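A short write-up of the structure that comes next.
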Amino acid sequence: MNGFNEYIPLVGQEVVDQLYRLADHLKDRRFVHINSTRTGGGVAEILNRAVPLLSQLGLDTKWEVIFGDPDFFDVTKAMHNGLQGDKVKFTAAMTSHYREINRENAKRFNWEADFVLVHDPQPAALIEDMRPQAQHWVWRCHIDASRPQLPVWKYLRHFVKQYDASVFSMSKFAQNLPHPQFLIHPSIDPLSDKNRELTPQEVQAVLDRLEIERDRPIILQVSRFDSFKDPLGVIQAFKMVRRHTPCQLLLVGGEATDDPEGPEIFARVEEAAAGEPDIKLLLLPPDSHYEVNALQRAADVIVQKSIREGFGLTVTEAMWKGNPVIGGAVGGIVLQLRDYHTGFLVHSPEGCAFRIRYLLHRPEMAKRMGKLAREFVRSHFLITRHIRDYLSLMIFIENPGSRIIEL
Ligand code: UDP
């Protein structure tokens, strides 16, 4: 794991000093993070890096993962989809199974924590059985909850309102809740295998290994195979572009253990890509960070054509590598992409095709936008800022009602 000094050349001495100053107020606090998967998806990606960094700052930080059977993950995926606005079946049998698995999980844990940060809906009900095991409970919502299906949100709200605070990724997602709500943007770690610098030789070696030719421009989307990531829309856009411009499409995805819909969506994508030699679907193991890094560096145009998105770490990752990104104008993507500056926001496959062509034909402009994109990420979306926000949140929660907190 990288030491904090290694971040200084990227973010400056003052940013790192400030983290130590904040952490001084929280020495030896026991901080538990809990979610539902150790691999796959943005939450696991962040926890993998944030947990060791918080420990280095002197907080006794643990990361726990709940277990669940396939039925449980079907229920929580329905909750996820419902919170993101899809009409879903949500029955009493489903909620009863959700409660039961959370109860079972509660029996396995025995904490004496100062802070628990519960990520997303899967473990949200733990608080009912475990409240005395931590001083402060905070719920962190990583998904686009701007227009939830009411039955799903009403059910989940019953648990969330028992927390001391909640955290959302943008103000649009905030809810009517009886406790303080905080806005904290996700982040990437510039020193992780996913994001660290690679040499052109390293990039080329990955392309060779994955048998990807560079004879035509590469258009890339990296995402779980999930309908909200709209892989079918990307294929549609790609086919429009390729009519006029030779290019190839790479759809890179992997599985997340808490996402049961992947295989079904993948099958639909395979069908749409059948007989298209210029479309390559790559299912990579969940620890392929280095490979994803290389592909994001090799791509000529990076797309994240989501139709709902909590934040979209793949956008941040691509921007950090100096790419302007073409993204769906939804959720957290709109926090990251500014038209003609750091990328383009699109609303349809046609719009996406138009912007892919636009960037393919203006490599110099793409390069200039890519530089802006990288600087935008440096100022807003690196992990040092995220850790600072978590530390500030804890200090705030420990000092309720204080008008002035001396740091
Ligand atoms: N990811 C990956 N391999 C894949 C697909 C995704 O490593 O095949 C990573 C991706 O690089 C990013 C995270 O998983 O770090 C996805 O986070 P994002 O916020 O974009 O979407 P989520 O899956 O959380 O909805």
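The values are calculated or read from the model by the stated rules, or taken from the named source; none is laboratory data. These numbers come from a predicted model, not from an experiment. All Cβ positions, glycine included, derive from the backbone under ideal geometry; neighbour counts span all protein chains shown. Protein only, heavy atoms only, side chains kept; ligands, DNA and RNA dropped before computing areas. Shrake-Rupley method; radii C 1.70, N 1.55, O 1.52, S 1.80 Å.
Descriptive notes on the structure:
- Over the chain, Cα pairs under 8 Å with separation of 6+ residues give a relative contact order of 17 percent.
- Remark: the range 216-223, residue by residue, has Karplus-estimated 3J(HN,Hα) of 10, x, 9, 9, 10, 10, 10, 6 Hz, where x stands for each Gly or Pro and the curve is 6.51 cos²θ - 1.76 cosθ + 1.60 at θ = phi - 60°.
- Highest-first arrangement of 272-278, 250-256, 75-81, where packing means the average Cβ count within 10 Å: 75-81, 250-256, 272-278
- Using alpha-carbon coordinates, inclination of helix 150-160 to the longest axis of the chain, degrees: 50 degrees
- Here the 3J(HN,Hα) profile of the range 142-149, calculated from phi with Karplus coefficients 6.51, -1.76 and 1.60 at θ = phi - 60°, is 9, 9, 7, 9, 6, 9, x, 5 Hz, Gly and Pro shown as x.
- For the range 122-183, the spread of Cα positions along the three principal axes, ordered from largest to smallest, is 32, 24, 19 Å.
- Efficiency of FRET from Cβ geometry, residue 388 and residue 131, R₀ 35 Å, rounded to 0.05: 0.80
- With a Förster radius of 45 Å applied to the C-beta separation of residue 340 and residue 93, the computed FRET efficiency comes to 0.35.
- Considering the range 177-271 at the alpha-carbon level, its Rg and Dmax are found to be 17.6, 57 Å.
- Averaged over residues, the count of other Cβ atoms within 10 Å places the peptides 50-59, 136-145 in the sequence 136-145, 50-59, highest first.
- Sorting 216, 30 on solvent-accessible area from highest to lowest, probe radius 1.4 Å, gives 30, 216.
- When the Cα gyration tensor is reduced to axis lengths a ≥ b ≥ c, the ratio a/c is 1.5 or higher for the range 82-139, and with a/b not above b/c it is classed as oblate.
- Using distinct alpha-carbon pairs, which all enter the 1/r mean, Kirkwood radius of the range 240-348 in Å: 15.1 Å
- Rotationally averaged projected area of the range 87-222 (alpha carbon convex hull; nm²): 12.8 nm²
- On the basis of the beta-carbon distance and an R0 of 45 Å, residue 404 and residue 274 show a calculated FRET efficiency of 0.10.
- For the pair residue 10 and residue 177, label points projected 7 Å from Cα toward Cβ lie 2.8 nm apart.
- Packing-based ranking, highest mean first, of 172-180, 290-298 given that Cβ atoms within 10 Å are counted: 290-298, 172-180
- Taking the C-alpha atoms of the range 262-301, convex hull volume expressed per residue in Å³: 88 Å³
- Amide H to amide H distances under 5 Å link residue 33 with 62, 63, 64, 117, where only residues 5 or more positions off or on other chains count and H is placed in the peptide plane.
- Rg/Rh for the chain, where both radii come from Cα atoms and Rh is the Kirkwood radius: 0.97
- Divided by 2.2 N^0.38 Å, where N counts the residues, the Cα radius of gyration of the range 275-335 comes to 1.19.
- Between helix 13-24 and the chain: long-axis angle, C-alpha atoms, 0 to 90°, nearest 10: 30 degrees
- Spin-label model distance (nm) - residue 243 vs residue 375, 7 Å beyond Cα toward Cβ: 3.8 nm
- √(5λ) per eigenvalue of the Cα gyration tensor, the range 349-407, largest first, Å: 42, 14, 8
- Helical mean residue ellipticity (222 nm; -39500 (n - 2.57) per DSSP H run of 4+; nearest 500) of the chain: -13500 deg cm²/dmol
- Global geometry of the range 1-106, whether rounded, prolate or oblate, following the gyration tensor of its Cα atoms and the 1.5 cut on a/c: prolate
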